[in-house]
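Reviewing the structure listed below.
The values are calculated or read from the model by the stated rules, or taken from the named source; none is laboratory data. In this text, all values refer to a predicted model and were calculated from it rather than measured experimentally. Cβ placement follows ideal geometry from the backbone for every residue including glycine, while neighbour counts extend to all protein chains displayed. Areas reflect the complete protein model, heavy atoms only, side chains present, ligands, DNA and RNA absent. Shrake-Rupley method; radii C 1.70, N 1.55, O 1.52, S 1.80 Å.
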Amino acid sequence: MIKPDYPSVLLIYTGGTIGMIENPETGALEAFNFDQLQENVPELKRFNYRISSYQFNPPIDSSDMEPALWAKLVKIIQYNYDNFDGFVILHGTDTMAYTASALSFMLENLSKPVILTGSQLPIGVLRTDGKENLITSIEIAAAKHPDGTAVVPEVCIFFENHLLRGNRTTKINAENFNAFRSYNYPALATAGIHIKYEYDRIRKVDPNLPMHTHYVFDTNVIILTLFPGIQENIVRTVLNTPGLKAVVLKTYGSGNAPQKPWFIHLLAEATAKGIVIVNISQCQTGMVEMARYETGLHLLDAGVISGYDATVESVLTKLMFLLGHGLTPKEIRSEMNRSIAGEFTKPML
């Protein structure tokens, strides 16, 4: 019998591979009803937890995730915040890192775990990775210190034995079970025989501060990836997109870009119009250092700001988040220079 003071976790199934089972007659993969979760994952009965579930109806393919659905997730968490110790979101892998990044900004003063997980194989398949991911995510979501505070009070992704900060994570593999990587920030925990938490890497929060939720986003942003031979008319067309407010500029190496006068002129022209341009590297590992080479200094002169070692997912969703709050370009540049949810590391001066 589960005692009232035992850990409680809310499972939120949005869609994705993890919630699929094979129809024995047709062989097709179909979403199953999470009201029957313990039938499909009988191991959950061994938890002495109160586990409840909420299911998106219909389930959403992660390719269709968008800010309105991020807001729905935040509303579900806010509504149930005082009733559960932690939350596990079952989500398709393709856009999981975008959702995790967005939620890290939307859930201000979060003091409970919000763990996103999924699988590469359906939970109804014999070799599925879904069961282990689900079971360990629930255990992490329920984990508390002796004083009753959450062990991991932040938005994370758990996949293939690693707990990663959500806004530091990107999907790197469509084939193997190790689908996610956090290149520029180490794992918060590793699951082996025991779950080994790296307490010094986990964000410290004040559990007495009330959680404050945000729902507004402005999606007038674009990602511009540089490549050798990129044409002036292409860059000009992108930067003159009607309604454009911000650009994620994916440059080379430590933040380098062509020195062609037309390119620098177009960037300076865009920033003068109030378009915020954030420089991130096409390299998975490392940091943008625009003062390191002359090619980067030209970008600084054009008004481009550094994205440091942030992922494209976190920079994009943070820009959408800040734009949605109606901040001025100057205010957005200031906020992009400040880590508000542990999304980047500034270099030591």
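General observations
- Lys330-Asp301 pseudo-label distance in nm [points 7 Å out on the Cα-to-Cβ vector]: 2.4 nm
- Excluding same-chain neighbours fewer than eight residues apart, the aspartates and glutamates reachable from Lys171 by a Cα-Cα span under 13 Å are Asp94, Glu160, Glu313.
- Apolar share of the accessible surface for the chain: 51 percent from carbon plus sulfur atoms, 1.4 Å probe.
- Relative to its Kirkwood radius, the Cα radius of gyration of the stretch 206-253 gives an Rg/Rh of 1.26.
- Computed over the alpha carbons of the chain, Rg followed by Dmax gives 21.3, 72 Å.
- Placed amide H near Gln55: partners under 5 Å, 5+ positions off or other chain: Tyr13
- Net charge of Cβ neighbours under 12 Å - reference Met65; Lys, Arg +1; Asp, Glu -1: -4
- For the chain, with +1 on Lys and Arg beta carbons and -1 on Asp and Glu, the positive-most of Pro146, Ile60, Asn208 along the dipole: Asn208
- Residue-normalised accessible area of the stretch 290-349, given per residue in Å² at a 1.4 Å probe: 47 Å²
- Where only C-alpha atoms are counted, convex hull volume of the stretch 174-275 per residue in Å³: 221 Å³
- For the stretch 245-349, the fraction of C-alpha pairs more than 20 angstrom apart is 34%.
- Counting only alpha carbon atoms, the long axis of helix 261-272 and the longest principal axis of the chain meet at about 60°.
- Temperature 10 °C, viscosity 1.306 mPa s: under these conditions the Stokes-Einstein estimate for the stretch 252-309, based on its Kirkwood radius over C-alpha pairs, is 141 µm² per second.
- Helix 130-142 axis, angle to the chain major axis (alpha carbon atoms, nearest 10°): 90 degrees
- Restricting attention to the chain, close to 35% of DSSP beta bridges with both partner residues there are antiparallel.
- Once C-alpha pairs closer than 8 Å and six or more residues apart are averaged by separation and normalised to the residue number of the chain, the relative contact order reads 14 percent.
- Histogram of C-alpha separations across the stretch 154-220, 10 Å bin width, %: 18, 39, 31, 12, 1
- Between Lys204 and Asp147, the simple spin-label model (points 7 angstrom out along Cα→Cβ) gives 1.0 nm.
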